[in-house]
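What follows is calculated from the coordinates using simple rules that are stated; it is not laboratory data. None of the values given here were measured: they were computed from a predicted structure. No Cβ is skipped: glycine too gets one built from the backbone with ideal geometry, and neighbour counts run over all protein chains shown.
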Amino acid sequence: MDSPKYGSASAADRPDDEPDEKEPLIRNQSPTFPNKCLCTKKGCYITACLAWTLFVCVLLLITFVVLLTFFLGRRHCDETYGLPPEPEPKTTPSFDGRLPETVKPVAYHLNITPYLDEEDGDKRFTFDGDVTIDIDCIHPSNSITLHFLDLRIDTDSVQVTNKSNDEAVAVAGTMFISEYDFLIINLDRFIMTEHQYQIYIRFAGSLNTSKDPDGSWFGFYSSSYETNGETRYLASTKLEPSGARRMFPCFDEPSMKATFDIVVNHRLGRTALSNMPNIRNEMGTEWNTAYFDTSVVMSTYLVAVVVSDFVNMKTITANGVQFRVWSTADYSHGLTFSLEFGNQSLTDFEQLWGIPYSLPKMDMVALPVFDAGAMENWGLITYKDYRMLYDDTIHSPSHLQSVALVIAHELVHMWFGNFVTLAWWDDTWLNEGFARFYEIVGVNNILPEWKMFDQFYQQIVTFDAFSADSSYESHPTVRPVGWFNEQKEQFSKQSYERGAAMIMMMQWFLGKDVFHDGIVNYLNDKLYSNAVTDDLWRHLTTADRGHGNNDVKEIMDPWLLQVGYPIVTVKRSDNTVEAQQKRFLLDPHDEPGQYHDLGPWSIPVSYIHSNKLNEPELVWIKGESARFDLTGARESDWFLVNINQMGYYRVNYDNDNWSKLINQLKTKHSVISIRNRAALVDDVFNIAQSLDVGANVSLDMMEYLIKEVDYAPWKAVENALLYSDRMLKRTAVYGDFRKYVKTQINPMYNRLGWNLTTQDHIEFHNVALSIRLACYYGNRECIVEAQKKFSNWKLNPDMNRITEDVRATVLCIGLMYGDEEDWQSVFSFLQKTNDDRLSADLKQGLACSRLPWVLQNYMEEYLDRKEIVNVVSKIRDTSTVGFLLAWDFMVQHFDKLKEIHGDKIYDLVWGFSDTMNTLADKDKYDDFGRKYNTMPNDNAIGFYKGLRKINTNIEWMDKNYDDIVNFLNNKLI
């Protein structure tokens, strides 16, 4: 082996003991250790065998490093190793539980007794009764099928009689099919057509277990309230959609309409109410038997009974209807507005459609326990009390508006739902969409100064509908449903808000007069009957003949029968605009679900340009795209599509037109209408979230807000900012982002301050909104004032009430800048209050603390309670430190949480994905998935949806973060 050459040296330079070149390099080499490495003054030497060993070790080390890097990198790509198996799509068993069409109910005679008092002994909080049902035989049959659920049926009492000859039809036996809540009465011979029969059944049930699977009160149930230290009890009903079967055996489908004669037995000291007037009472020493007049023909879900000790106020409408409002005596001072507004609304709707309300009375009752906002029982509307009561000494104008809207909504149902009832729950929107739309019409007619359509319609209808309908998780407005949970799911934004948006769009492209004529004809044709969506299309198409000649079914079916809504992208070339439609998805990587596309929407596209503002043109997109001309437009002019957002779609422009629109807003925003300004803000922020336009475009549009004084655009901003705020909250640029938003809100806040006593309805909403935004984004004056109000409230909560619209903000600021003692005092107050709405604000405020150990203690306090999900969610969403603490707490205690709450607790985890937007976040989320990779299929679906959301959030950050930094650097110089 050649020695390494490190250089040369003369003999004189070498030390005395260094061997000369003739001496052997290695002396006394031992033959026993042939692989030993030796070093001399000339260098180190190894054998070939050892060299190969070292080479192999280095090679293995390099391979290990490469593989480690590869596998670590895969975590940020498409790795599924160790994650839950890809889930199967959700499947629902087919529903074969519709009643056979062999008989049809004609009349019910219902006698029922609720037991509410100690004197009732073991029967307390139960009810019993009997029902006689007159039926027509439609097809010969030797059995009769009807519904019951959670009732004890006295099978020995079941009788069937031929009313034609009063002859008994022998009952061979009864059978129960729990899957469909069926009670089948088997007969020893056939019942025949053209004969009427009568069924008699005795039954009993519980008033205390009448809850649906979600824990909501349902059916015939008891509740209580406190007054002067005494607990008082009442009984009431909530039967929609299919709860009548929990109250009495019946044919519990909306198309099975009949009349009802109802008798209620109750102890003295209470009053019984039902759909019809109380026509007779039989009083004993302890009990009263109240008889009610025969009802109009109606569906079972509209049957209502209330037994209580409530007080009332009353009046007579212009058409002679007795109108009464009821509540506990303690809250009777809050009934005046409901009485006056309800009276006027009922009369106005009679005039609007030219169809008189057909019952001789209307009762509206404010219930202390009611899980729905309200229920439109014919002649006896029931409300959660805060949705009906208004006291101007404690309630704000926004509460007044909410009360007005819900009262109008329920009264609209007297026509849309009660007079004309959906044939089955597939068409729930025929009830709820029309009620949502006309509630705004009704309030706007009575209180025009509120400017409901200019200032509030979009937030109540359009934006809410968009929010619920921007993913494949949505569902069509009209779809086949059967099971109870599917029926309940129809009472969703797809029926209410999306349905109302459809109505607004049709009224616009058909014209108000044509639309009104079609609606009135539809109501008159289906009066006291049932309808499907095609009935509505038929009448609107007929009304449009000789006008627009639109085939309404052809236009509207794609809107109602498929998921989602379109975004129209418009690009200008000279004076020609090409408009293309595609499905709008807030997450562009969303994946189709169980509902199939039906093809493109027929989209009515209205447009103006800055040289022709007052005469909108209309063009239809009936395929993938269409073209239209900007006649008379100059090169410098902007153009605007979807005027006043009458169409249910978003609009995206090319960069040049976005710039022109934004410049117009900055120069003179009032040239563009209030509704269009709100639409532009909502569209640009959501389109930025969907990655169809850069986020800096949405931030640039915000700059005009320094001059904005109207509520609708600012409300759009409050909602639309949420996503950008979440994405930036844990980044270095968040401080600049807050400064920029604060700059836009400061002029409005400085002008309005805390003037929450203003009598101007719209200004009040602006004051409350500006306080919420100014305090949240760090306006020092707002924070100081909120702290003062918090301190005063803490000293005396009853005397120093905080206006509900800013209560959550005041509590949050107070505890954000407060100490542990402040937190404990609010927590103690939370334990004592029975006000659900106040409790929600208190819990939100408690989550705002900046003290980590306090937030940790907050979560641990609720670990064993059902509220833990709500508490962790609020801490997660309120602050960055809260987000980190909430994740660690959830991971640490997940096994216990799962033991207490079951598989539903997984949803808490997936909620973190809304904010996760880094590779480190994704690693934590993946690690959780690996640890619990045996989760059930439904939870795995949620896991992968969350994972997709995180990937999209990361993509949004990659696309926008640097641009946002540059934009804010330029704006904040």
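Worth a mention:
- Using just its DSSP H runs of length 4 or more, each adding -39500 (n - 2.57), the chain gives a mean residue ellipticity at 222 nm of -12500 deg cm²/dmol after division by all residues.
- Candidate membrane-span-like segments in the chain, meaning DSSP H helices with Cα atoms spread over at least 24 Å of their own axis and a Kyte-Doolittle mean of 0.0 or above, are 48-74, 429-446, 880-901, with no membrane implied.
- Sites matching trypsin sites (Lys or Arg not before Pro) across segment 825-881 that sit in DSSP coil, with at most 15 neighbouring C-beta atoms within 10 Å: R850, R865, K866
- Least to most buried among I191, I643 (fewest other Cβ within 10 Å first): I643, I191
- Rounded to 5, percent antiparallel among DSSP beta bridges of segment 310-414: 45 percent
- Estimated D of the chain in µm² per second, where Rh is the Kirkwood radius over Cα pairs and Stokes-Einstein applies at 37 °C, 0.692 mPa s: 101 µm²/s
- Peptides 525-533, 628-636, 449-457 ranked from most to least packed, by the mean per-residue count of other Cβ atoms within 10 Å: 449-457, 525-533, 628-636.
- Leading residue at positive end of dipole, the chain (Cβ point charges), from L795, G599, A168: L795
- Placed amide H near F125: partners under 5 Å, 5+ positions off or other chain: Y115, L116, D117
- Near N162, once Lys and Arg are set to +1 and Asp and Glu to -1 for all other residues with Cβ below 14 Å from its Cβ, the sum equals -4.
- Take each peptide in 718-729, 959-970, count the other Cβ atoms within 10 Å of every residue, and average; sorted highest first, the result is 718-729, 959-970.
- Once C-alpha pairs closer than 8 Å and six or more residues apart are averaged by separation and normalised to the residue number of segment 99-308, the relative contact order reads 22 percent.
- Rounded to the nearest whole Hz, the Karplus-based 3J(HN,Hα) values (6.51 cos²θ - 1.76 cosθ + 1.60, θ = phi - 60°) of segment 136-151 follow the sequence 9, 7, 8, 9, x, 7, 10, 8, 10, 10, 9, 9, 7, 7, 6, 10, with x at glycine and proline.
- Exceeding the 22 Å Cα-Cα cut-off - candidates K211/K866; K90/K622; K571/K612; K922/K949; K211/K945: K90/K622; K211/K945
- Additional length obtainable on full extension of the chain from V671 to D958, 0.36 nm per residue less Cα span: 99.7 nm
- Sequentially through segment 369-384, phi angles give Karplus couplings (6.51, -1.76, 1.60; θ = phi - 60°) of 10, 7, 6, 7, x, 6, 9, 7, 3, 5, x, 8, 7, 10, 10, 5 Hz, Gly and Pro residues having no value and appearing as x.
- In this rough spin-label picture, where each label sits 7 Å from Cα along the Cβ direction, the L60-N549 distance is 8.6 nm.
- Between V891, Q856, Y776, the Cα set farthest toward the positive side of the dipole of segment 764-896 (charges on each charged residue's Cβ, about the Cα centre) is that of Y776.
- Phi-based couplings in Hz for segment 470-476 (Karplus 6.51, -1.76, 1.60; Gly and Pro marked x): 9, 8, 6, 6, 5, 9, x
- What the Cα atoms of segment 451-561 give is an Rg and a Dmax of 15.0, 44 Å.
- Value of relative contact order over segment 310-414, rounded to a whole percent, pairs C-alpha under 8 Å and six or more apart: 25 percent
- Between V365, V806, G735, the Cα set farthest toward the positive side of the dipole of the chain (charges on each charged residue's Cβ, about the Cα centre) is that of G735.
- Across the chain, the relative contact order, built from alpha-carbon pairs under 8 Å that are at least six residues apart, equals 7 percent.
- If the chain linking M175 and E118 were pulled fully straight, counting 0.36 nm for each residue of separation and taking away their Cα-Cα distance, it would gain 17.0 nm.
- Between V605 and V619, W620, I621, the built amide H atoms are under 5 Å apart, and every one of these is 5 or more places off in sequence or on another chain.
- Charges were assigned to the Cβ only: +1 to each Lys and Arg, -1 to each Asp and Glu. The resulting dipole of the chain about its Cα centre is roughly 2120 debye.
- Mean Cβ count within 10 Å, highest first, over the residues of peptides 647-659, 915-927: 647-659, 915-927
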